[in-house]
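A quick write-up on the structure given underneath.
Bear in mind that the values in this text are calculations on the coordinates, not laboratory data. In this text, all values refer to a predicted model and were calculated from it rather than measured experimentally. All Cβ positions, glycine included, derive from the backbone under ideal geometry; neighbour counts span all protein chains shown.
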Amino acid sequence: MNEMIYNFVSDILKQNKEVVFIGIGTPSSYLDSIGPRIGTELSKHYPLVYGTVKEPAHALSLETIYDQVIEKHPDACIIAIDAMISSSLGKISVYDGPIKPGAGLGKELIKIGSHSIKIATVERGQECYLRDKILNLSSEAIELRNNLETNVSVVSRAIIQALKDNKNII
């Protein structure tokens, strides 16, 4: 379990009555699917999750979903979870502050959340190259897939454990 994520989420749960998670990304884009995949895992244990594989919070739906969350949960603390481009593949970062989805690709989307968890699914400069390679069985593609699977599991388990320990699991 990742203690950094566990402690980050535990502290937020202790300080807020209502916490909502938003998994940002596109399930059909492997490199951008980590947010909805983590959202799907969390939704099995916790009701206040938006952005899953079945109902993704991606570029086309993000603003609408965020508006719904704000309307339904006006006093909630929102933790946004998204992929990022980084110089360190697999790096997991937590921030007090919103996520700016798509920033690494030059997209202009709204900022989401009061807190954020970002997971590096691709190294800077490799995004186009790997997008083309991900569908084959090269060793690079297999390593990337394994890294993504590991991070989905690590992040999900840490958040679920924090929810359980803080008695937020239904």
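Converting phi to 3J(HN,Hα) with the Karplus coefficients 6.51, -1.76 and 1.60 and the offset θ = phi - 60°, region 157-164 yields 4, 5, 5, 4, 5, 4, 4, 5 Hz in sequence order, with x at every glycine or proline. If the segment from Glu143 to Ser114 were pulled out straight at 0.36 nm per residue, it would be longer than the present Cα-Cα gap by 7.2 nm.
Which of rounded, prolate or oblate describes region 11-77 when judged by the alpha-carbon gyration tensor and an a/c cut-off of 1.5? All intermediate terms of the calculation are to be shown ahead of the outcome.
Numbers: a/c = 2.36, a/b = 1.49, b/c = 1.59.
It comes out oblate by the Cα gyration axes.
Label-to-label distance, Gln15 versus Ser93, with points set 7 angstrom from Cα along the beta-carbon direction: 1.9 nm.
Taking R0 as 30 Å, what's the FRET efficiency between Glu55 and Ala76 from their Cβ-Cβ distance, rounded to 0.05? Write down the numbers at each step before the final one.
Values: r = 18 Å, r/R0 = 0.60.
Working from the Cβ atoms, E equals 0.95.
Within a straight-line Cα-Cα reach of under 28 Å, Lys54 can be paired with the following lysines, leaving aside sequence neighbours fewer than 8 residues apart in one chain: Lys17, Lys44, Lys72, Lys91, Lys100, Lys107, Lys111, Lys118, Lys133, Lys164, Lys167.
Which of the chymotrypsin sites (Phe, Trp or Tyr not before Pro) found in region 1-64 are loop residues per DSSP with 14 or fewer other Cβ atoms within 10 Å of their Cβ? Mind dumping the intermediate values first?
Details: sites: Tyr6, Phe8, Phe21, Tyr30, Tyr50; in loops: none.
Listed in order of number, the matching sites amount to none.
Please report how far the C-alpha centroid of region 22-59 lies from that of region 6-21, rounded to the nearest whole angstrom. Cα centres, region 22-59 to region 6-21: 19 Å.
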